[in-house]
Amino acid sequence: MTDPPKGESPVLQTDHYIRFERVDSVEETPRGLLAGLHREQLRVDLVADDVVRVKISRGGVFDESPTFAVCTDPLSRPVEFRVERDEDRVRVITSSMVVSLWLDPFRLDVHRTDGTPVVETAADEQGRYWAYATLNDSFTLRRRCRQEDAVFGLGEKSGRHNRKGRDFTLWNTDVLNEHETAEFTAGKEPGDPRGDRTSVDFDPFYVSIPFFYHQSYPAGTMAASFVDNGYRGSYEFSAKDEYRISFAGGQYTEYIFAGPDMPAILGDYTWLTGRTAPPPLWALGYHQCRWFDYSQEAVEAIGKRHRDNDIPCDALWLDIEYMDGYRVFTWNKERFPDAPGMLARLSDDGYRVITIIDPGVKFDPGYEVFDQGLERDVFCKTEGGDTYIGQVWPGNTAFPDFVTEEARAWWGELNAAHVQSGLAGIWNDMNEPATGAIRANAMRFGNGKYSHERYHNQYALLMAMGTTEGLLKAMPEQRTFILSRAGFAGIQRYAANWMGDNFSRWDHLWLGVAMGSGFGISGQAFVGADIGGFAGNSNAELFLRWMQYGTLTPFCRNHSEIGNVDQYAWAFGDAVQDIVREAVKLRYRLLPYIYSAFIRASETGEPVQRPLVFDHQYDATVRDLDDQYLFGTDLLVAPVLEPGATSRQVYLPAGDWHDWHTGEVLRGSRFLVAPTPMDRIPLYARGGAVIPMWAQAPATTKEHHPEVVELHVFVPLADGTHTSRLVEDDGLTFAAREGACYDTTFNLIRSGGAVTVDASVEGRGYPEFARQAFHLVVHGASPSAVTVDGAEVVATEGGFRIPNAGNGFRASFEV
Ligand code: GLC
């Protein structure tokens, strides 16, 4: 392959790198192999039957914990394997894969036991292999692929969700800051969208996740790679027949996942880097946020207006203007003369309040937090030992050195005290870290020991870690809620992510669809974009269409920039408000389903918002489909992406699908044109699903423990078994870990005309539990009676009332 023309992409130029060409020695180890090459060592460690880790030392020494991403001992699971040697190579063989270490020339390939490729080292035009090449602390590797192959993942990336054909940089970036983006927009041809940081193709973004999937065409099998390295990285997928991974520093540590199925790969990746923690239930409600110089009366009035206008809402957010001169952990006393009183009244009205906390601490001798930071010696330093100073909202600011335990603990204490004053969660922004017009590179870590590059991409992860640990130490029973702008692999353990400063534009509405799905398959399940758009003025139609789909994304927050037109649910008149209310109410009614999807995510790592390729990877039609997604396992959402649209094309994957609005049952594996009148976007339920819903949308989830939960049964067209789940617990504490929950699994079996729903329950319940009945609503058939545990139940109120206070049952009916 030839290098992309210089100036076109900021990726590393690797022509002069020194390739490792020959392996000198190989010995077996308890987990695989240890080889000597080029005065370094290469280690092959089996992590599982289908996951292998490859490491190369520097100076003969291995970095055993290169980043804070991995949170488990990767070699703790037993693996059976054997080693076979022949003249050219040494092979490590498990029941699922063969790792081949070729000796001369050196290359490293992984195949599944059926011979299909997982990774294969690429050779250049001169036939030289690039398994590993290094220069001045950076390294690169090249792998084979086919032009038709697809690439997914890499977390928060712009553009199409199939990454093939483009190059990416991993460097956490404050996208709207022209100083930080200048190097990435420079040198682009006029008209190249990557030269415009407001375009939906700009790269890099706020979050770096060095994990991606490579899908082989036409087989549809997936392999994946996670390079555990926090330095600046480049992932180049623009060449036809190879891809290239390069990092600007640190060691080469790669986890290679043989797949071939995406859900299992994601399960393994999130076993290594952790899973989204079970969120508090209220965090799944509707969030109202705006950057605005509110007074406390104005905040309370917004709360009241949601109640008066019958718009469910759980959380109100305070952006930077609540602070005294943008000093973190302070209140502006003029605008908020009685913050505790305001918080108490809002709490009585069912609201949680979240405030923004940026890492930048105002450089201001006499300001307690600044003085404390200096005294405890927990700020980042420069090489010469000065406190590093950047520019954020308050002007000159110091930055906590989150790489040290002391700084994280200090920050955790500050956050805990702040939350204990009556808040429910913390919003972390500017944590790329963003340093305004001052370059970040003089900011060093670990008391000045480590370069900026080493920890830049991990800064937000460490900030969220310190915050979470502080909150849990102070309030061990309470689940935490943190929203972060930046992040790294593993951020899902501590925080949700929003997608930063988007624009009130239709192309940005779409961007959130593809980006949210990319996040989901990269381990971060708790994601959402600023609904309505952050920068620029929203308008009635855009806002309406955004709310209709934003209420069906994992994190659901309306947010906009100061100086823009109002973007409240009521801001665009009654006709829009009425439809928006229906959208928010649908989300609230679906909360038992959404919550259960989050619990699954916390157990398995699977996404809540999922691109179709996640569940249907062997259907080649979905490879490039990124304008619709599944919300949980059973709802298919097709947002409206254009103004004036009266219909849109939708692809229904295999199975059958119930049109949510008309009840029509449609066979899958085909495209259709769905009407999109203003009051709805296309939404479908999977045939075979049992979707739990609340009968009415409450104004807030606070103290909402209904006596009846609806079970919407979507009768499948074909015979078969389908599994669904409902998890109920207090939604606030960790008591469910000890069994204080009802975890109900529904097995729906269709056999000819007979449909049975078998419900089995785990858990022993919890004090607030109040359910006395399920209300079974059948879709796709109209049985006049249902037999429940042998007794006949006749229809009432469009369904079947089944007394139930947490026990299993069997319901059957004829269709
Ligand atoms: C950043 C954030 C945005 C916030 C603003 C003011 O631009 O991304 O969400 O409103 O700062 O704090």
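At pLDDT 95 or above, more than 19 Å from I209 (Cβ to Cβ), over 10 Å from the mean Cα position of the chain (by Cα) and within 13 Å of the ligand (Cβ to nearest atom): does that describe S484?
no
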| Residue that is nearest to Q492 (Cα to Cα) [pool: residues in region 522-534 that are within 15 Å of the ligand (Cβ to nearest atom) and either open to solvent by 10 Å² or more (accessible area, probe 1.4 Å) or part of a loop (DSSP other than H, G, I, E, B) (or both)] | A529
| said: I'd like the full set of residues that are within 22 Å of K702 (Cα to Cα) and charged (D, E, K, R), limited to region 343-371. | reply: R345, D348, D349, R352
| request: Please list, ordered by first then second residue, the pairs with beta carbon atoms under 7 Å, 6 or more apart or interchain, first in region 290-303 and within 16 Å of P337 (Cα to Cα), second of a type in the set (G, A, S) and crowded, with 16+ Cβ neighbours inside 10 Å. | output: Q296/A339
| remark: Considering only helices (runs of 4 or more DSSP H) wholly within region 552-637, the ones with at least 2 residues that are open to solvent by less than 10 Å² (accessible area, probe 1.4 Å) and within 24 Å of R307 (Cα to Cα) are 574-589, 591-604
| said: Suppose the filter is within 16 Å of the ligand (Cβ to nearest atom), within 23 Å of K473 (Cβ to Cβ) and touching a residue at least 40 places away in the same chain (Cβ under 8 Å); does N415 pass it? | reply: no
| message | For region 673-699, which positions are open to solvent by 30 Å² or more (accessible area, probe 1.4 Å), in a loop (DSSP other than H, G, I, E, B) and closer than 27 Å to G808 by Cβ? | response | A695, Q696
| field | Only listed residue being among the polar types (S, T, N, Q) and open to solvent by 60 Å² or more (accessible area, probe 1.4 Å), chosen from S76, S57 | value | S76
| message | Which of the numbered conditions does M443 fail, given that it passes all the others? Conditions: (1) closer than 30 Å to L316 by Cβ; (2) in contact with a Cys (Cβ under 8 Å, 6 or more places away or on another chain). | response | (1)
| Restricting attention to region 379-401, which residues are hydrophobic (A, V, I, L, M, F, W, C), in contact with a strand residue (DSSP E or B) (Cβ under 7 Å, 6 or more places away or on another chain) and crowded, with 22+ Cβ neighbours inside 10 Å? | F379, C380, A398, F399
| note | Only unsatisfied item for F503, checking (1) within 15 Å of the ligand (Cβ to nearest atom); (2) crowded, with 24+ Cβ neighbours inside 10 Å; (3) aromatic (F, W, Y), is (2)
| query | Is one or more of the residues making up region 561-573 more than 19 Å from D358 (Cβ to Cβ), among the hydroxyl-bearing types (S, T, Y) and away from the ligand (no atom under 13 Å from the Cβ)? | reply | yes
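A quick yes/no check of all residues on (1) over 32 Å from the mean Cα position of the chain (by Cα); (2) open to solvent by 40 Å² or more (accessible area, probe 1.4 Å):
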{"position": "R737", "(1), (2)": "no, yes"}
{"position": "D789", "(1), (2)": "yes, yes"}
{"position": "I802", "(1), (2)": "yes, no"}
{"position": "E814", "(1), (2)": "yes, yes"}
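Residues are listed down the side, and each one gets a yes or a no for (1) open to solvent by 10 Å² or more (accessible area, probe 1.4 Å); (2) within 16 Å of the ligand (Cβ to nearest atom); (3) in contact with a helix residue (DSSP H, G or I) (Cβ under 9 Å, 6 or more places away or on another chain):
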| residue | (1), (2), (3) |
| --- | --- |
| G230 | no, no, yes |
| D261 | yes, no, no |
| P278 | yes, no, yes |
| F292 | yes, yes, yes |
| Taking region 700-743 on its own, how many of its residues are assigned to a strand (DSSP E or B) and closer than 18 Å to A685 by Cβ? | 13
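Scan region 164-172 and give yes if some residue there is of a type in the set (A, V, I, L, M) and either more than 16 Å from the ligand (Cβ to nearest atom) or surrounded by fewer than 17 Cβ atoms within 10 Å (Cβ to Cβ) (or both), otherwise no. Write out each step before concluding.
From region 164-172, those of a type in the set (A, V, I, L, M) are 170; that's our starting set.
Then drop every residue that is not either more than 16 Å from the ligand (Cβ to nearest atom) or surrounded by fewer than 17 Cβ atoms within 10 Å (Cβ to Cβ) (or both), which leaves 170.
Yes, region 164-172 contains at least one residue that is of a type in the set (A, V, I, L, M) and either more than 16 Å from the ligand (Cβ to nearest atom) or surrounded by fewer than 17 Cβ atoms within 10 Å (Cβ to Cβ) (or both).
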| Looking at region 199-219, is at least one residue open to solvent by 10 Å² or more (accessible area, probe 1.4 Å) and among the charged types (D, E, K, R)? | yes
| note | With the first residue restricted to region 334-361 and required to be part of a helix (DSSP H, G or I), and the second required to be of a type in the set (V, I, T), Cβ contacts under 7 Å at 6 or more apart or on different chains are M342/V299; L343/V353; L346/V353
| remark: Residue set N497, N537; condition within 16 Å of the ligand (Cβ to nearest atom) and within 23 Å of D615 (Cβ to Cβ); output residue N497
| query | When you scan region 750-769, how many residues do you find that are surrounded by 12 or more Cβ atoms within 10 Å (Cβ to Cβ) and touching a residue at least 60 places away in the same chain (Cβ under 8 Å)? | reply | 6
| Qualifying residue in region 318-336 (condition: open to solvent by less than 10 Å² (accessible area, probe 1.4 Å), away from the ligand (no atom under 16 Å from the Cβ) and not β-branched (V, I, T)) | yes
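Residues R376, R345, R352, R408: which one is surrounded by fewer than 17 Cβ atoms within 10 Å (Cβ to Cβ), under 30 Å from D314 (Cβ atoms) and touching a helix residue (DSSP H, G or I) at 6+ places or on another chain (Cβ under 9 Å)?
Step by step, each of R376, R345, R352, R408 is checked, and only R345 is surrounded by fewer than 17 Cβ atoms within 10 Å (Cβ to Cβ), under 30 Å from D314 (Cβ atoms) and touching a helix residue (DSSP H, G or I) at 6+ places or on another chain (Cβ under 9 Å).
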| field | Output for region 48-81, where each listed residue is within 30 Å of M463 (Cβ to Cβ) and hydroxyl-bearing (S, T, Y) | value | S65, T67, T72, S76
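The values are calculated or read from the model by the stated rules, or taken from the named source; none is laboratory data. All of these numbers come straight from a predicted model, not from anything done at the bench. Here the Cβ is made from the backbone with ideal geometry for all residues, glycine too, and neighbour counts use every protein chain on show. Side chains included, ligands, DNA and RNA excluded: accessible areas come from the protein's heavy atoms. Shrake-Rupley method; radii C 1.70, N 1.55, O 1.52, S 1.80 Å.
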